Amino acid sequence: MSDPRPPIKPEKGRRASPYAGRWVARLRGQIVAHGGTPEQARRAAQSARHKESPEISFMPFESDLPIDPIVEKVRAALPPGQPAYLVGGAVRDALLGRVSHDLDFAVPGNAIATAKRVANALESDFFVLDGERDTGRVLVTNPDGSRTLMDFAAYRGPDLEADLRARDFTINALALDAQNGEIHDPTGGASDLRQKQIRACSPAAFTDDPVRILRAVRQAASLGFHIQPETREAMKAAVGELPRVSPERQRDELFRILEGPQPGTCLRALDILGVLPVLLPELPAMKGVAQPPPHVSDVWTHILSVLAHLERILADLAPGYDAEQTSDMFTGLLALRLGRYREQFARHFAERLVPDRSLRGLLFLAALYHDVSKPETQAEDETGRLRFWGHDELGAQVAARRMRVFNFSNDEIARVQAVIRHHMRPHFHSNRMESESRPPSRRAIYRFFRDAGAAGVDTCLLSLADLRATREQTLTQETWLAALDVCRIFLENYFEKPEETVSPPPLVNGNDVILAYGLEPGPLIGQVLEAIREAHATGKVSNREEALAFGKRWLAELNSQAQ
């Protein structure tokens, strides 16, 4: 038997009239009022003509909104007449002409059972997200390998309008009826979308959930919107409530900021709002800390600039970027020297240490903290020049402590620590390249990646952003080319010749060393093996016999030094 309900087609179109997407009240065929919900339209009409009963209807769009086609399959899986509403970001994105594949549905009740029914109909995976709050998840794996997430939750309140009004921002308090495509907009979110503004659904939005302060900043940056003044004041007033939020939720919102567009602008906004002393208390100390030439700004301003430059560098090195479209000389040189590694960079950042957080976000976190210890390490050398000896090592420790507070994984902490700890090494080689025309040796390349591992790729990219932010308009072509050439040499070895200089295959093992030299098991075995690996990477040995001979000489030299 065919389904009599009209389909919701995933087509993009324009609004047919000023009332498109609104509920209208008609008296004798004439529109006399309108609203975001049927009840709003009815109340608006009756306030002027209280003795008459208007006809309430939804004004459709000229063409259907761009909705993921899977919503049609959800509709088909539901019993006819069962209320189910697509809510939040997916509806917001549809009104902006975008298709979202992260879908949230609100239903009156039995949400877990509804999710399970949909999962069975779509032959997809099903999970219970929150049994107490009646929330279930459907995970659909598409033919191209991509995934669509669909969460089903019971109303957070007595009805749909109460659920929507309890949400964070009006642009997210939108619902689309999955049965017929009608829009419910009780807080005026569609109007705020047109005005490109972020407005809280209620005065208590941020005290109810203070993490929304971070979310407002992130969504303003990602959408290119401004935050409405009253909402901004409410955010400031609720900053002191942030400690009530779990470290994990703070972490997740912060990380989305770092992964998203304009992280530097977002951090500046958080600073203005007074969030940093509460969320990232190590950062404010960088404000006003002077740096010697060639630095052109204090430490905090430098950090924000590094984030901005890093974002541009990653965009310039992304697949599909057309270097001919830029008139910036430094971007053109970047593309010429490193553009051939676009696909390798994409694969590098596609890897994950944990499922929900990206390496890109970790790199921006490292950039945010890479100079965090400059305030406490500043000192004058014998010539009176300001120095920051050891800020890289100490900064890695500070970042690790903050990440542990946020409950990042050990692997993530190690990655960020490696980037911060080694971020000065490319600068050392770049300075020597420019002043002495000396490229990194094979031994330097091997040791760099031995110590930094895969984080060496991130470290090279950070070093370039660091250089741009250090010198800004004073950066010369010669200095930039030297830095690019050093990074190209490191990356060429990592991406193209890993078995030669980065991680050569072992020529001998621990048992070989014990038998050949009559050693007892212990730390010395590892030292001998490392010396042989480095000799292999630098081209001093190439087979087992040469490796064992080298190890014998190395041990003899070690013994002579000890005597």
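Couple of notes before you dig in:
- For SER305, the conditions (1) more than 21 Å from GLY395 (Cβ to Cβ); (2) in the same structural domain as ASP485 (by TED's automatic domain parsing); (3) at pLDDT 95 or above all hold with the exception of (1).
- Beta carbons closer than 9 Å, at least 6 apart along the sequence or on distinct chains, never pair a first residue in region 502-513 that is in contact (Cβ under 8 Å) with a residue 60 or more places away in the chain and crowded, with 21+ Cβ neighbours inside 10 Å with a second that is assigned to a loop (DSSP other than H, G, I, E, B) and not β-branched (Val, Ile, Thr).
- Positions within region 17-35 being under 16 Å from ALA190 (Cβ atoms) and not in a strand (DSSP E or B), in sequence order: SER17, PRO18, TYR19, ALA20, GLY21, ARG22
- Criterion: modelled with pLDDT of 95 or more, among the small types (Gly, Ala, Ser) and out of contact with any Ser or Thr (no Cβ under 9 Å at 6 or more places or on another chain) - qualifying residue of ALA84, ALA106, ALA115, ALA153: ALA106
- Answer residue from region 344-397, given it is over 26 Å from the mean Cα position of the chain (by Cα) and surrounded by fewer than 12 Cβ atoms within 10 Å (Cβ to Cβ) and is nearest to VAL289 (Cα to Cα) among those: ALA379
- Lone unmet requirement of (1) touching a residue at least 12 places away in the same chain (Cβ under 8 Å); (2) at negative phi for GLY453: (2)
- If you go through region 180-208 and keep only what is in contact with a Lys or Arg (Cβ under 9 Å, 6 or more places away or on another chain), among the charged types (D, E, K, R) and surrounded by fewer than 24 Cβ atoms within 10 Å (Cβ to Cβ), you end up with just ASP192.
- Residue that is modelled with pLDDT of 95 or more, in a loop (DSSP other than H, G, I, E, B) and surrounded by 13 or more Cβ atoms within 10 Å (Cβ to Cβ), where the choices are VAL278, VAL296: VAL296
- Among the residues of this structure, ARG442 does not count as one that is in contact with a helix residue (DSSP H, G or I) (Cβ under 7 Å, 6 or more places away or on another chain), of a type in the set (Lys, Arg) and within 16 Å of ALA482 (Cβ to Cβ).
Matching residues to (1) closer than 20 Å to ARG438 by Cβ; (2) modelled with pLDDT under 95; (3) not assigned by TED's automatic domain parsing to the domain that holds PRO263:
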position: ARG468; (1), (2), (3): no, no, yes
position: GLN477; (1), (2), (3): yes, no, yes
position: TRP480; (1), (2), (3): yes, no, yes
position: ALA483; (1), (2), (3): yes, no, yes
position: ILE489; (1), (2), (3): yes, no, yes
position: PRO521; (1), (2), (3): no, yes, yes
position: LEU529; (1), (2), (3): no, no, yes
position: GLU534; (1), (2), (3): yes, no, yes
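- A residue that is in a loop (DSSP other than H, G, I, E, B) and under 13 Å from GLU182 (Cβ atoms) occurs somewhere in region 36-53.
- Scanning region 445-504 for residues that are under 24 Å from ALA535 (Cα atoms), within 28 Å of the chain's Cα centre (by Cα) and of a type in the set (Ser, Thr, Tyr) turns up just one, TYR494.
- PHE345 in contact (Cβ under 8 Å) with a residue 40 or more places away in the chain, touching a strand residue (DSSP E or B) at 6+ places or on another chain (Cβ under 7 Å) and in a helix (DSSP H, G or I): no
- Flag if LEU334 is modelled with pLDDT of 95 or more and under 16 Å from the mean Cα position of the chain (by Cα): no
- Some residue of region 320-330 being assigned by TED's automatic domain parsing to the domain that holds GLY456, of a type in the set (D, E, K, R), touching a residue at least 24 places away in the same chain (Cβ under 8 Å) and assigned to a loop (DSSP other than H, G, I, E, B): no
The rows are residues; the columns are (1) closer than 30 Å to HIS391 by Cβ; (2) among the small types (Gly, Ala, Ser).
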position	(1), (2)
ALA204	no, yes
PRO229	no, no
GLU233	no, no
LEU267	yes, no
ILE272	yes, no
ALA290	yes, yes
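- Scoring ILE514 on the criteria (1) of a type outside the set (Phe, Trp, Tyr); (2) touching a helix residue (DSSP H, G or I) at 6+ places or on another chain (Cβ under 9 Å); (3) closer than 28 Å to LYS497 by Cα leaves a single failure, condition (3).
- Scanning region 267-276 turns up at least one residue that is in contact with a Leu (Cβ under 7 Å, 6 or more places away or on another chain), closer than 16 Å to ALA469 by Cβ and not β-branched (Val, Ile, Thr).
- Meets criteria (within 19 Å of the chain's Cα centre (by Cα) and in a helix (DSSP H, G or I)) for GLU248: yes
The rows are residues; the columns are (1) over 30 Å from ARG43 (Cα atoms); (2) more than 31 Å from the chain's Cα centre (by Cα).
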{"site": "GLY81", "(1), (2)": "no, yes"}
{"site": "SER100", "(1), (2)": "yes, no"}
{"site": "VAL118", "(1), (2)": "yes, no"}
{"site": "PHE127", "(1), (2)": "yes, no"}
{"site": "ASP159", "(1), (2)": "no, yes"}
{"site": "ARG165", "(1), (2)": "no, no"}
{"site": "ALA175", "(1), (2)": "no, no"}
{"site": "GLN179", "(1), (2)": "no, yes"}
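- Close pairs from region 74-98: first in the same structural domain as LEU160 (by TED's automatic domain parsing), partner surrounded by 21 or more Cβ atoms within 10 Å (Cβ to Cβ) and among the basic types (Lys, Arg), Cβ under 9 Å, at least 6 apart: ALA84/ARG75; VAL87/ARG167; GLY88/ARG167; ARG98/ARG92
The values are calculated or read from the model by the stated rules, or taken from the named source; none is laboratory data. It should be emphasised that the depicted structure is a prediction, and the values quoted were computed from it without experimental measurement. Note that each Cβ is placed from the backbone with ideal geometry, even for glycine, and that neighbours are counted across all protein chains shown.
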